[in-house]
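Trainee: Okay, handing you the structure first.
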Amino acid sequence: MVLRPGSVQTVFPELETLSPVIQLERDLGADWRSLKTAAEETQTVLFELDQLVSGKASADSSVVVTGSLGRKEYTKGSDLDWILLVDGAGDARDQQTFLEIDRAIDAAERFKKPGREGTFGKLAFSQPMIHHIGGEEDSNSNTTRRILLLLEAVSIGESRAFERVRKGILLRYLQEDRGLFQRDHSNRIRWVPLFLLNDLARYWRTMTVDFAYKQFDRGNKGYALRSVKLGISRKLMFASGLLACFWCDPEISGIPAPQPRVQNLIASLNEFLSWTPLERLALFFSKHLADAREGDFLRQTALALFGAYDGFIEMLNTPEVRDHLEKLPPEQVHTDPIFKNARAIRSQFRQAVHDMFLDNRSPLYTLTIDKGVF
C-alpha cells in the first residue's frame, strides 16, 4: 500500500519508488550509497521500535522520535532522541505509560540514550509547545521540541496526538501572522509565513550559541564531531525549514495557488513538512532542474550538496572515524587529517547551501533576501 509521510508507516515507503532523494539521484546520475544505507537502517530500527512500543500509547499520546531517525539517517553511534508526546488533560497514567516505554527501550540494549541536556527521553506535553512561543516560558527544551516536531519528527505507532499537535503549532504560527496573504506595494500576495520563519531562524541561532555553551560546559569534550554536525546536519535542518516557508509561495512550489486561507496553507505546510529535511531539498531541486535558465546551475548545486551530505553520513557510519572525531582535542583539529577531510565536506555543504539560497541564479534568491535576511 502507499503510506503517508511523517509517521512510522511512511518512513518505510519503498525507497526505490517514493523517496525524492532516490528520484533526484537517478535524475542526476549520482550514487549516494551512504544515504541509502542509512535510510535502510532507519527502516530496520523504526520497525524494531514499533514492536517495542506497539499498543502502549493512547489516543492522547504518541511516541515521537527526532534526530537521525527523524531524518532517515540512522548510523552506528546515533542517539535515540524520543519523547512521549501527550495532547490532552493531565493523567497519572501518562507517567506509567512513559515508564513502561522507557523500560522497554532500555531492555532492548540496542539504543544509545539521548543527550544529557534532558530534552529527550522525557514525557512532554503539547500545551507549552503550542502556547509558549517566545517569551520567558519558551525554554530551550520547549523550543527544541516544538521546532523538531515540525522539521524532523516521526511518530511510532499511534500518531493521532502527533498529528494534532503539529497542526496546532502551525495554526498558532499562521493565525497570528497578521500580514499573511496581504498584498505588498507591487500587489503580490505574501504567502511566506514570517512568524514561523523567524522562529526557525531564532532556533538556528540558538543552536549556534548552544554549541559554544556546550563547548564550555563539557570542557571541549566532543568538540570536533559537534562542530561538523553543526555545520552540516543542523544547518540542513534550518535550510529545510526556511525552504518550507518559501515553498508556501506558488512560484517556488509550482503548485497552483490555493484560496488564501490559513487552513489551506496549514494543509500544504503539513504535507511538505512530512518529508525529511533532505527530501524537502530534493523536491525543490527536482522541481526546478528543468528550467532552461537555472537548470545547469541547480544541477551542479544539487550534486555538491547531496554529495557532501553523503560523505558526511559515510563518515558518521564509520565507527573509527566517528570515535576519532569525538575524542579529538580542539587544539589538534587544524593539523588532524581526519578532521581536515570532515571540514572539507562541511565547507562543500556550506557553499552549496549558500548557492541554493543566496546565488542570484537560484529561484530562492529574492525571497531569501526579502524575507530571510531583512
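The values are calculated or read from the model by the stated rules, or taken from the named source; none is laboratory data. Keep in mind that what you see is a predicted model, and the values were worked out from it rather than measured. Backbone-built Cβ (ideal geometry, glycine too); neighbour counts: all protein chains shown.
Trainee: Any residue that is surrounded by fewer than 21 Cβ atoms within 10 Å (Cβ to Cβ) and within 20 Å of the chain's Cα centre (by Cα) - is there at least one of those in segment 98-113?
Mentor: Looking for residues that are surrounded by fewer than 21 Cβ atoms within 10 Å (Cβ to Cβ) and within 20 Å of the chain's Cα centre (by Cα), one finds at least one in segment 98-113, hence yes.
Trainee: Can you tell which of 77, 67, 115, 88 is under 18 Å from residue 161 (Cβ atoms) and not hydroxyl-bearing (Ser, Thr, Tyr)?
Mentor: Matching residue, one of 77, 67, 115, 88: 88.
Trainee: Evaluate segment 152-175: report whether one residue or more is in contact with a His (Cβ under 7 Å, 6 or more places away or on another chain), assigned to a helix (DSSP H, G or I) and either touching a residue at least 12 places away in the same chain (Cβ under 8 Å) or of a type in the set (A, V, I, L, M, F, W, C) (or both).
Mentor: Scanning segment 152-175 turns up no residue that is in contact with a His (Cβ under 7 Å, 6 or more places away or on another chain), assigned to a helix (DSSP H, G or I) and either touching a residue at least 12 places away in the same chain (Cβ under 8 Å) or of a type in the set (A, V, I, L, M, F, W, C) (or both).
Trainee: Identify the residue in segment 337-374 that is among the charged types (D, E, K, R) and without any contact (Cβ under 8 Å) to a residue 60 or more places away in the chain and, among all such residues, is surrounded by the most Cβ atoms within 10 Å (Cβ to Cβ).
Mentor: Residue satisfying both the conditions and the ranking: 355.
Trainee: For segment 69-118, which residues satisfy the criterion of being of a type in the set (A, V, I, L, M, F, W, C) and assigned to a strand (DSSP E or B)?
Mentor: 82, 83, 84, 85, 86 - these are the residues of segment 69-118 that are of a type in the set (A, V, I, L, M, F, W, C) and assigned to a strand (DSSP E or B).
Trainee: Moving on to the next point. Tell me yes or no: at least one residue of segment 77-91 is in contact (Cβ under 8 Å) with a residue 12 or more places away in the chain, closer than 30 Å to residue 304 by Cα and loosely packed, with under 15 Cβ neighbours inside 10 Å.
Mentor: Looking through segment 77-91, none of the residues is in contact (Cβ under 8 Å) with a residue 12 or more places away in the chain, closer than 30 Å to residue 304 by Cα and loosely packed, with under 15 Cβ neighbours inside 10 Å.
Here is a yes/no grid of residues against (1) part of a helix (DSSP H, G or I); (2) modelled with pLDDT of 95 or more; (3) acidic (Asp, Glu); (4) farther than 20 Å from residue 368 by Cβ:
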| residue | (1), (2), (3), (4) |
| --- | --- |
| 256 | no, no, no, yes |
| 287 | yes, no, no, no |
| 304 | yes, yes, no, no |
| 307 | yes, yes, no, yes |
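Trainee: Right, something else. Can you tell me which residue within segment 33-69, out of those that are among the hydrophobic types (A, V, I, L, M, F, W, C) and over 19 Å from the mean Cα position of the chain (by Cα), is surrounded by the fewest Cβ atoms within 10 Å (Cβ to Cβ)?
Mentor: 59
Trainee: Specify which of the listed residues (207, 237) is closer than 19 Å to residue 372 by Cβ and at pLDDT below 95.
Mentor: Sole residue among the options that is closer than 19 Å to residue 372 by Cβ and at pLDDT below 95: 207.
Trainee: Does any residue of segment 138-151 turn out to be surrounded by 13 or more Cβ atoms within 10 Å (Cβ to Cβ), of a type in the set (Asp, Glu) and without any contact (Cβ under 8 Å) to a residue 60 or more places away in the chain?
Mentor: Yes; the residues of segment 138-151 include at least one that is surrounded by 13 or more Cβ atoms within 10 Å (Cβ to Cβ), of a type in the set (Asp, Glu) and without any contact (Cβ under 8 Å) to a residue 60 or more places away in the chain.
Trainee: Continuing with the same structure: Is it the case that segment 257-279 has a residue that's under 15 Å from residue 356 (Cα atoms), polar (S, T, N, Q) and crowded, with 22+ Cβ neighbours inside 10 Å?
Mentor: No, there is no match, as no residue in segment 257-279 is under 15 Å from residue 356 (Cα atoms), polar (S, T, N, Q) and crowded, with 22+ Cβ neighbours inside 10 Å.
Trainee: Another question, if that's okay. Those residues that are over 25 Å from residue 41 (Cα atoms), outside any loop (DSSP other than H, G, I, E, B) and not β-branched (Val, Ile, Thr), I need them from segment 342-359; list them, please.
Mentor: 343, 344, 347, 348, 350, 351, 352, 354, 355, 356, 357, 358
Trainee: To continue, here is another question. Given the condition over 26 Å from residue 240 (Cβ atoms), part of a helix (DSSP H, G or I) and at pLDDT 90 or above, answer yes or no: does some residue in segment 125-137 qualify?
Mentor: yes
Trainee: Looking at segment 289-300, which of the residues that are assigned to a helix (DSSP H, G or I) and closer than 22 Å to residue 248 by Cα is modelled with the lowest pLDDT?
Mentor: Ranking the qualifying residues of segment 289-300, first place goes to 295.
Trainee: Among the candidates 188, 178, 183, which residue alone is more than 28 Å from residue 64 (Cα to Cα) and touching a strand residue (DSSP E or B) at 6+ places or on another chain (Cβ under 8 Å)?
Mentor: Of 188, 178, 183, the one residue that is more than 28 Å from residue 64 (Cα to Cα) and touching a strand residue (DSSP E or B) at 6+ places or on another chain (Cβ under 8 Å) is 183.
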